[in-house]
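The values are calculated or read from the model by the stated rules, or taken from the named source; none is laboratory data. Everything numeric in this text was worked out from a predicted model, so none of it was measured. We place every Cβ from the backbone using ideal geometry, glycine too, and count neighbours over all the protein chains shown.
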Amino acid sequence: MFLDEVDITVMAGNGGNGCVSFRREKYIPHGGPNGGDGGNGGSVYCLADISVNTLYHLAGKHHWKATGGAGGMGGKRHGRNGVDIVVRVPPGTIIHDAENDIVLKDLDEANQKVCVARGGRGGLGNTRFATSTNQAPRQATPGETGQRRRLHMELKLVADVGLIGRPNAGKSTLLSRVSAARPKVADYPFTTLEPVLGIVELSGERRFVMADIPGLIEGAHRGAGLGEAFLRHVERAGILVHIVDICPQTGEPIEHYRTINEELRKYSDVLAKKPQIIAVNKMDLTGSDENLNRFTESVDCDVVAISAVTGKGLNELNEKIWKVLKGVGRDEEKRSPGNSDEQE
């Protein structure tokens, strides 16, 4: 099951107490202090692990606790240190301190690691307090208390390309044709209930990661449909590919296109200004050519005509995506198509 938000509590281990001890051996009446230090408590870390793609594994375990350090012992023996624990999360996870409302770390790259709860330091044994004037100290310090934090984890998928569009626009079909991903495809709204990632392979050992985002409808930024829950996942995408159903069962393609871009703008200005490629889909259907002509007359930017079912135009679309990702032709894509028809 896909899960992109979860709350957990992490507790680092306490440090072990320092030891008060004196050397006791035959024929050595004044052996002096030999109490060892306590061990340090274990810490809690979060690691961005590419083998994990959801926060679901954290849903059933809300408390993560590292072990404490052992107390010091006689003979200047140091107490053992506590064992650290690692909470593995998907790359793209933002770690929030829920109680103080601050971001501890944005783990936006694989193998990044952050300490979210520091273990307490071990206390000092009485050996540490011996001086020329205090040769038999009877003092030691207790171990420090380990940190405790309540964390809110929010996952924003890391993808080069985010597919956006209305339900049934053909995003899932497109992803299944250009990558090895196998999202659910059916002829009813909200087929995609969770984001799906796929790797698109091009000639010359070129590749990029594409994310299929659940369909957006009017009011998505307020929580209508499934939009608000998943709009965050396109925020990290380098570019957006707007899939437009050129032969919708209801409404006009240009109105659907404008509605989606308005939802992006209301959710985030940054999201609305991302480079966007328009892919007009379902060009295999009757009447698609006439609808395409009307659509292109209403937008002030280039479009790519495709059919995700037959494969028409998919190579052209992938090459255009690659050019924009690498900055080639960036001048042509600099403005967001979502703002290109505001005067109409």
Open item on the list: Being in contact with a Lys or Arg (Cβ under 8 Å, 6 or more places away or on another chain), over 16 Å from R148 (Cα atoms) and in contact (Cβ under 8 Å) with a residue 40 or more places away in the chain narrows it down to one residue among G31, G71, G39, G15; which is it?
Closed with: G39
Open item on the list: If I filter the stretch 7-32 down to residues being in a strand (DSSP E or B) and modelled with pLDDT of 95 or more, which single residue comes out as surrounded by the fewest Cβ atoms within 10 Å (Cβ to Cβ)?
Closed with: D7
Task: Residue selected from the stretch 269-310 under the condition among the polar types (S, T, N, Q) and either in contact (Cβ under 8 Å) with a residue 60 or more places away in the chain or within 21 Å of V234 (Cα to Cα) (or both), by the criterion surrounded by the most Cβ atoms within 10 Å (Cβ to Cβ) - done: N281
TODO: Can you confirm whether the stretch 93-100 contains a residue that is buried (at least 21 other Cβ atoms within 10 Å of the Cβ) and assigned to a loop (DSSP other than H, G, I, E, B)?
DONE: no
Task: Pick from the stretch 66-90, criterion surrounded by fewer than 23 Cβ atoms within 10 Å (Cβ to Cβ) and touching an Asp or Glu at 6+ places or on another chain (Cβ under 6 Å), ranking: nearest to V52 (Cα to Cα) - done: R88
Task: Neighbours by Cβ (under 6 Å, 6+ apart or cross-chain): first from the stretch 95-115, free of Cβ contacts under 8 Å to residues at least 12 places away in the same chain and assigned by TED's automatic domain parsing to the domain that holds D84; second of a type outside the set (D, E) and assigned to a strand (DSSP E or B) - done: V103/H96
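Considering only the stretch 123-149, state which residues are charged (D, E, K, R) and not in a loop (DSSP other than H, G, I, E, B).
Answer for the stretch 123-149, where residues must be charged (D, E, K, R) and not in a loop (DSSP other than H, G, I, E, B): R128, R148, R149.
Matching residues to (1) modelled with pLDDT of 95 or more; (2) farther than 30 Å from V234 by Cα:
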| residue | (1), (2) |
| --- | --- |
| A66 | yes, yes |
| G75 | no, yes |
| G92 | no, no |
| G119 | yes, yes |
Task: Total residues in the stretch 215-253, condition over 14 Å from L163 (Cβ atoms), modelled with pLDDT of 85 or more and part of a loop (DSSP other than H, G, I, E, B) - done: 7
Open item on the list: If I filter the stretch 52-62 for residues that are surrounded by 15 or more Cβ atoms within 10 Å (Cβ to Cβ), at pLDDT 95 or above, over 16 Å from H152 (Cα atoms) and out of contact with any helix residue (DSSP H, G or I) (no Cβ under 7 Å at 6 or more places or on another chain), do I get at least one hit?
Closed with: no
